[in-house]
1. Applying the selection to the range A:8-24, what residues are crowded, with 17+ Cβ neighbours inside 10 Å and either over 20 Å from A:Asp231 (Cβ atoms) or of a type in the set (A, V, I, L, M, F, W, C) (or both)?
2. Filter the range A:335-371 for residues that are touching a residue at least 60 places away in the same chain (Cβ under 8 Å), more than 27 Å from A:Thr141 (Cα to Cα) and part of a helix (DSSP H, G or I) and give the result.
3. Among the residues of the range A:315-334, write down those that are surrounded by fewer than 17 Cβ atoms within 10 Å (Cβ to Cβ) and not in a strand (DSSP E or B).
4. Filter the range A:70-109 down to the residues that are of a type outside the set (Lys, Arg) and part of a strand (DSSP E or B) and list them by number.
5. Go through (1) surrounded by 16 or more Cβ atoms within 10 Å (Cβ to Cβ); (2) touching a strand residue (DSSP E or B) at 6+ places or on another chain (Cβ under 9 Å) and name the single condition A:Ala242 misses.
6. Return only the number of the condition from (1) assigned by TED's automatic domain parsing to the domain that holds B:Glu28; (2) over 18 Å from the mean Cα position of the chain (by Cα); (3) buried (at least 17 other Cβ atoms within 10 Å of the Cβ) that B:Arg151 does not satisfy.
7. Within the range A:132-148, which residues are facing chain B (nearest Cβ under 8 Å) and buried (at least 17 other Cβ atoms within 10 Å of the Cβ)?
Amino acid sequence: MAGATRPDDGACVLDTGALEQLIELLRADGYRVVGPQVTDGAIVLNTIAGASDLPAGVTDDQEPGRYRLRQGTPEALFGYAAPPQGWKRFLFAPDETLWRAVRTEGGFRCEEEPLASGRTAMLGVRPCDLRAVDILDQVFTRSGVVDPRYQARRAATLIIAVECTQAGGTCFCASMGSGPDIVADDANSGADIILTEYTTAGAPLLLARPVSGRGGELLASVQCRQATAADCEAAAEAVKSAARSMGRQMPADVATLVGRSLDHPHWEDVAARCLGCGNCTAVCPTCFCSTVEDSTDIAGTTAERRRRWDSCFTRDFSTLHGGPIRSSGAARYRQWLAHKLAHWWEQFGRSGCVGCGRCITWCPVGIDITAEARALTEREGRTDANH
Amino acid sequence: MAITAPLVQPASHLWSISPWRISHVRRELADTFTLTLDPPADAADAAAAFLPGQFNMLYVFGCGEVPISISGAAGEGGRLKHTIRAVGAVTRALRQLRAGDVVGVRGPFGAGWPIDDTAGSDVVIVAGGIGLAPLRPAVEAILHARERYGRFIVLYGARSPEDILFARDLGRWSSRLDTYVDVTVDRAAGAWRGNVGLVTALIARVGLEAEHTVAFLCGPEAMMRFAVGALAKRGVEAGRTYLSLERNMKCGVGLCGRCQLAGHFVCRDGPVFRLDRIPNVFQVREL
């Protein structure tokens with residue numbers, strides 16, 4: 001984390017002009033630079049042409065079921081929390097063709113869709129989202145079978161992370177061990193460069209730590225000054241203040257708690273509020289479930305298979321022999337939460353939740369995953385007392 | 001006893017389907033049929049190395065893909081049988097196909113029955129309905145090396161006499177002096193002179209020594225839940241009980257997440273599980 005940063009780590013200080021240079025260098029090198037920008041009243045991740053596309057002086061109010069932008073620290077480029085979309089769409093496409101098949105004499109021939117080409121630089125990846133990328137890396141490339149489509153995109157991706165200096169209203173990354181600083185060693189974080197935005201004399205500056213060789217080369221090519229101890233301290237203090245102001249937390253023993261609560265009556269309580277819309281799975285930066293759709297052209301001579309993001313909140317998700325295994329809303333919510341918080345440990349040796357808070361903000365009825373987890377404890381305690 | 005490790009598919013073939021030609025179609029029951037499929041040359045070795053209990057993803061051009069367990073080998077060269085009940089759009093489309101038509105195949109996938117690891121034990125096979133399909137290659141493998149096993153028992157339940165799958169095979173196995181076969185039906189009319197009742201009744205009366213016995217189960221989950229209970233009553237522990245589960249799946253290799261069941265992916269960690277690894281499956285509803 002930033003506390004470990006010393007001026008001799010190669011850290012340097014960028015102003016907006018230097019960031020502009022960095023983006024320009026990446027673009028000249030053939031990267032599509034993707035970053036946050038204000039679109040239709042939200043911060044959206046999309047291609048940016050330069051630093052002027054970033055949401056300067058904008059911050060967000062996030063609450064369960066509520067998201068609004070408003071004016072924040074003047075000129076600050078990263079003064080907001082997790083934007084609605086995670087970064088997974090740039091690595092794991094929401095909808096893509098896997099192959100096409102053409103009828104031939106007495107059969108058909110299958111041709112795989114070429115792998116994605118082109119390099120992407122992701123600018124402004126928060127620590128929670130950086131952890132989410134590592135979780136997806138594990139799912140798609142480090143758990144046995146490698147997904148070639150994910151792997152190709154990931155290998156062509158450069159990541160510029162940004163530590164958080166203010167907590168959003170629904171954030172709980174500190175309790176998940178995934179923020180607001182880069183909790184892993186920088187070298188194992190998955191980032192190429194790590195930025196921390198802090199203010200000196202009213203002007204926002206970016207402390208930049210090179211992580212990968214490529215990140216170091218890039219920083220060496222922009223006009224910036226070497227960081228001083230004072231810069232590092234100011235940046236570290238800004239990150240600490242974000243941790244202090246974080247209002248939510250996940251119960252520490254949530255994995256075992258959920259694991260032993262699969263028949264808990266509280267799932268029915270959540271189901272009475274849950275609309276089953278799947279927003280939580282769409283905005284979750286680690287939800288990786290997908291479906292495939294097979295189709296033909298109208299002549300029936302060519303067919304294709306597409307892969308699409310899917311959600312465990314649909315009835316179709318668990319359908320077997322004409323009916324869903326998880327027919328109740330309670331079973332579907334439990335499936336999502338139990339997989340994310342408990343069963344992920346058995347499958348991948350860690351939690352599938354990074355504490356970004358998106359599922360809370362974007363739930364239309366404001367269901368709060370931390371509150372639901374805590375309710376399992378409270379009711380469990382009450383049940384025990386009654387017996 | 002470890003469950004036989006799955007074959008890992010090379011990444012480049014993850015999604016690509018291989019065209020296999022139907023060499024024979026056999027009508028088994030009113031709604032059930034067996035396709036014998038001929039692999040192309042480049043898929044023959046992998047097909048021939050399939051493990052009893054594994055499945056393939058079968059694709060009908062433009063219609064869709066379904067996981068179907070391999071119900072047997074048909075001679076040399078990787079020719080495989082798949083026994084299918086027509087219950088959905090893809091399985092109904094598969095039923096329209098004829099010898100000479102082409103089916104897309106990915107696989108074989110998943111962990112199979114622990115055939116080698118259970119050598120030396122008595123083996124009880126408990127199957128219900130089309131659940132006999134993924135168990136048939138296990139029965140054949142055990143009969144092929146019959147001297148490596150102790151007592152061998154096959155218990156099968158079907159809805160009615162007309163729903164008894166692989167009746168010829170059951171008769172052939174039954175005619176062997178070294179194999180005990182018992183069949184029951186839920187209901188019968190007319191000429192049926194066999195057992196009527198649940199397969200659990202067959203478990204209750206079969207002679208077995210629990211400490212030497214392993215059980216392989218496949219059938220509807222309700223049937224397996226009761227069969228597991230009946231076996232437990234006879235002293236067959238969860239650590240010696242294996243069952244094949246079914247879930248909605250799209251990829252076959254643990255990437256699409258569809259078949260997630262507690263801490264497992266059914267496609268990759270199953271479909272054959274040792275019962276003590278999935279203790280919740282019959283206790284928690286809608287898991």
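The values are calculated or read from the model by the stated rules, or taken from the named source; none is laboratory data. Not measured: the values here are computed from a predicted model. A quick note on method: Cβ atoms are made from the backbone with ideal geometry, for glycine too, and the neighbour counts reach across all protein chains shown.
1. A:Ala11, A:Cys12, A:Val13, A:Leu14, A:Ala18, A:Leu19, A:Leu22, A:Ile23
2. Answer for the range A:335-371, where residues must be touching a residue at least 60 places away in the same chain (Cβ under 8 Å), more than 27 Å from A:Thr141 (Cα to Cα) and part of a helix (DSSP H, G or I): A:Ile360, A:Thr361, A:Ile369, A:Thr370.
3. A:Arg315, A:Asp316, A:His321, A:Gly322, A:Ser327, A:Ser328
4. First, the residues of the range A:70-109 that are of a type outside the set (Lys, Arg): A:71-87, A:90-99, A:101-102, A:104-108.
Of everything in the range A:70-109, those that are of a type outside the set (Lys, Arg) and part of a strand (DSSP E or B) turn out to be A:Gln71, A:Asp95, A:Glu96, A:Thr97, A:Leu98, A:Trp99, A:Ala101, A:Val102, A:Thr104, A:Gly107, A:Phe108.
5. That leaves (2) as the condition not met.
6. That leaves (1) as the condition not met.
7. Initial filter on the range A:132-148 (facing chain B (nearest Cβ under 8 Å)): A:139-140, A:143-148.
A:Val139, A:Phe140, A:Ser143, A:Val145, A:Val146, A:Asp147, A:Pro148 - these are the residues of the range A:132-148 that are facing chain B (nearest Cβ under 8 Å) and buried (at least 17 other Cβ atoms within 10 Å of the Cβ).
Here is a yes/no grid of residues against (1) touching a Cys at 6+ places or on another chain (Cβ under 8 Å); (2) in a loop (DSSP other than H, G, I, E, B); (3) not charged (D, E, K, R); (4) not assigned by TED's automatic domain parsing to the domain that holds B:Cys256:
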| site | (1), (2), (3), (4) |
| --- | --- |
| B:Thr34 | no, no, yes, yes |
| B:Asp42 | no, no, no, yes |
| B:Gly72 | no, no, yes, yes |
| B:Thr91 | no, no, yes, yes |
| B:Gly104 | yes, no, yes, yes |
